[in-house]
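Taking it in order: structure first as C-alpha cells, then the write-up.
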Amino acid sequence: MHIININQDGICDEAKFIASPNLDVRPSPDDISLIVIHNISLPPNQYGGNGVIELFTNQLNPDEHPYYAEIAHLKVSSHFFIRRDGELIQFASCNDRAWHAGASHWQGRERCNDFSIGVELEGSDFEAFEPIQYETLKTLIASIKARYPIQAITGHSDIAPGRKTDPGAYFDWSHIKT
Ligand SMILES: [Zn+2]
C-alpha cells in the first residue's frame, strides 16, 4: 500500500490544500480515533464544479442555484475531499477539528467532530463511486492510520442515523475493510 506522508502539523504532503475557516481546536488534541466517510456534490448529483470548495470556504453564492440558497449560510468543512478523478483536496489540518459530522454519536460518545477525521467523496446516495476514488481513499486511510491511533472507520449515516444518509448504499465498504 502506497502511504503518503501526513506531517506533524496534520497536513498531507500530496493533497491540494485549500484552507477552510470552518474549524477550531480539538478539546482533546491527542484523541483522533475515528474516520467518518461522507458523500457530497454541489449542485446535488453534479460533479466537477467548485460548489463544494465554495461551501467549505464560505464562498457559496446563494443566487447560483436554488439549493445553494438553502445551505450558503452553513459553516461546514471536512478534512479531506476526494474528487471523481481521485484528486485529494485537504481543507483542514487533521490536528484541527473540522465541522463535518454535526450532531452525532459513536459508541456512546457525542460530538464526533471532536475526535474524528472527515473524508468526503464527491458523489451521491444514488450512484456508484469511481474506482479511482476508492484507490485514493485506501491510500488516505493507510496514511492517516500511520499518523493517528484510528480505532474505526464509519459512515456519517452511522453516527447521525435518521438525520444523514451518506455515504449511501452505493458506497462499497468491502474496498476499505482491512
Ligand atoms: Zn456527511
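The values are calculated or read from the model by the stated rules, or taken from the named source; none is laboratory data. Please read all numbers here as calculations on a predicted model, not as lab measurements. Glycine gets a Cβ as well: all are built from the backbone with ideal geometry, and neighbour counts include every protein chain shown.
Tell me, yes or no, whether region 111-121 has at least one residue that is at pLDDT 95 or above, assigned to a strand (DSSP E or B), of a type in the set (A, V, I, L, M) and surrounded by fewer than 23 Cβ atoms within 10 Å (Cβ to Cβ).
So the first thing to find is which residues in region 111-121 are at pLDDT 95 or above, and the list is 111-121.
Checking which are assigned to a strand (DSSP E or B) leaves us with 116-121.
With the extra rule that they be of a type in the set (A, V, I, L, M), the set shrinks to 117, 119, 121.
Retained after the next criterion (residues that are surrounded by fewer than 23 Cβ atoms within 10 Å (Cβ to Cβ)): none.
Within region 111-121 (the criterion being at pLDDT 95 or above, assigned to a strand (DSSP E or B), of a type in the set (A, V, I, L, M) and surrounded by fewer than 23 Cβ atoms within 10 Å (Cβ to Cβ)), the answer is no, since none of the residues qualifies.
Please tell me if F91 is within 14 Å of the chain's Cα centre (by Cα), crowded, with 21+ Cβ neighbours inside 10 Å and within 12 Å of the ligand (Cβ to nearest atom).
Details: within 14 Å of the chain's Cα centre (by Cα): yes; crowded, with 21+ Cβ neighbours inside 10 Å: yes; within 12 Å of the ligand (Cβ to nearest atom): no.
For F91, the condition - within 14 Å of the chain's Cα centre (by Cα), crowded, with 21+ Cβ neighbours inside 10 Å and within 12 Å of the ligand (Cβ to nearest atom) - is not met.
Are any residues in region 148-169 within 9 Å of the ligand (Cβ to nearest atom) and either assigned to a strand (DSSP E or B) or basic (K, R) (or both), and if so, which ones?
G155, K164
Just checking, which of D24, D30, D9 is under 17 Å from the mean Cα position of the chain (by Cα), among the acidic types (D, E) and loosely packed, with under 13 Cβ neighbours inside 10 Å?
Testing whether each residue is under 17 Å from the mean Cα position of the chain (by Cα), among the acidic types (D, E) and loosely packed, with under 13 Cβ neighbours inside 10 Å leaves just D24.
Going by the structure shown, is D172 within 13 Å of the ligand (Cβ to nearest atom) and more than 14 Å from the chain's Cα centre (by Cα)? Spell out how you get there, then give the answer.
On the way: within 13 Å of the ligand (Cβ to nearest atom): no; more than 14 Å from the chain's Cα centre (by Cα): yes.
So D172 does not fit the description; no.
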